[in-house]
Amino acid sequence: MTALLVGTRGSALATAQAGGVARRLAAAIGGEAELVPVTTHGDVSRASLSSLGGTGVFAAALRESLLDGECDVVVHSMKDLPTASFPGLAVGAVPEREDARDALCARDGLTLAQLPEGARVGTGSPRRVAQLKHRRPDLVVVDIRGNVGTRLGFVDTGELDAVVLAAAGLARLQLSDRVTEYFDLSDWPTAPAQGILAVEVRSADLDALDADAPLRRALAAVHDVEASAVASAERGVLARLEAGCAAPIGARAVMTGDDLTVTARVYALDGSEMRTHTVNIAIGDVRPSAQTPGTAAPSHDDRALNERATRAGADLADALLAAGAADIAPLRES
């Protein structure tokens, strides 16, 4: 086949993560892959994330490019992808998850506890704002936008004392040395599907291919059953709450043997209150025993597992709503 065209946002982080996926797709079929940069509204707007129009601000242009035939697949950060299905498109593969934690990058090697009273900490995420205020209500939390380099630059110039970023992004950019503290997921849950990528394809292309077709083999080679399942569970929370990626919600799903445990937490925007719930379900009867190279994933191999994981996330969301989560936080996406 000709070179596989892989659509991506044009930022350094997006091209780094898409480049890694592209190399693996190409290696699986002994061919080549070429990145196709696409500019999205979220990349050019300087408005705050919470005011940009909700989930999908980074995905829409990539999806248009895919539907228009300008690329064969597109690579998204899963946490930026709307939970509702999109006509004509399907997630063809979910690569292995990178570090899901948030990380503090502070001046002078400081941890969150060591930052002085009134320190200025930057983030563009309402969830991180709430978590920072919950842990340290004395901090001045500053709304920031920009790529990873821009955000770290605020610390370098002294404009901010620290910023909070995704550990996965820092790792993909080989900037993990800037981290002064990693936040434990047990008490600092992150955005649903943080650290997970989604490889989206045209549904018609996927349906028309047999199991040995190069694209299908390439997708199967990069697909990770566990990452797909935990993403389904965490995003199931968002879907039931009708919440977007800017909502103050943290979620964490873990597969251990034949069990799937999902925990989610909803915060008041000012960090003053939170609601937490955990569910545990059995998955042994639907968990694939192994991935078979060259088979269709995830639409066939682990559909039952993902459906059960999604239901677990929805059940967890119902429990959060029963506990008053909607009374303390703006959940529904406008």
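The values are calculated or read from the model by the stated rules, or taken from the named source; none is laboratory data. Owing to the predicted nature of the structure, the values given are computational and were not obtained by experimental measurement. Methodologically, a virtual Cβ is constructed for each residue, glycine included, from the backbone with ideal geometry; neighbour enumeration extends over all protein chains shown. These accessible areas exclude ligands, DNA and RNA; they are computed on the full protein's heavy atoms, side chains included. Shrake-Rupley method; radii C 1.70, N 1.55, O 1.52, S 1.80 Å.
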(request) Could you tell me which residue of segment 199-223 is nearest to L89 (Cα to Cα), considering only residues that are under 23 Å from the mean Cα position of the chain (by Cα) and open to solvent by 40 Å² or more (accessible area, probe 1.4 Å)? (result) R202
(request) Evaluate segment 138-154: report whether one residue or more is closer than 11 Å to G271 by Cα and not hydrophobic (A, V, I, L, M, F, W, C). (result) no
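From the list D327, D318, D301, pick out the single residue that is surrounded by fewer than 22 Cβ atoms within 10 Å (Cβ to Cβ), touching a helix residue (DSSP H, G or I) at 6+ places or on another chain (Cβ under 8 Å) and at pLDDT below 95.
It is D301.
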(request) Please identify the pairs in which a residue from segment 150-175 that is at negative phi and in contact (Cβ under 8 Å) with a residue 40 or more places away in the chain has its Cβ atom under 7 Å from the Cβ atom of a residue that is assigned to a helix (DSSP H, G or I) and of a type in the set (S, T, Y), counting only partners at least 6 apart or on another chain. (result) L170/S176
(request) Please name all residue pairs, on different chains or six or more residues apart, with Cβ atoms under 8 Å, provided the first residue is in segment 112-136 and is closer than 20 Å to G146 by Cβ and among the hydroxyl-bearing types (S, T, Y) and the second residue is open to solvent by 10 Å² or more (accessible area, probe 1.4 Å) and at pLDDT 95 or above. (result) T123/V129; T123/V141; T123/V142; T123/D143; T123/I144; S125/A191
(request) Working only within segment 72-100, note down all residues that are hydroxyl-bearing (S, T, Y) and more than 10 Å from the chain's Cα centre (by Cα). (result) T83, S85
(message) Tell me whether segment 282-291 contains one or more residues that are assigned to a strand (DSSP E or B) and modelled with pLDDT of 90 or more.
(response) yes
(message) Exactly one of these conditions fails for S232: (1) within 20 Å of the chain's Cα centre (by Cα); (2) modelled with pLDDT under 95. Give me its number.
(response) (2)
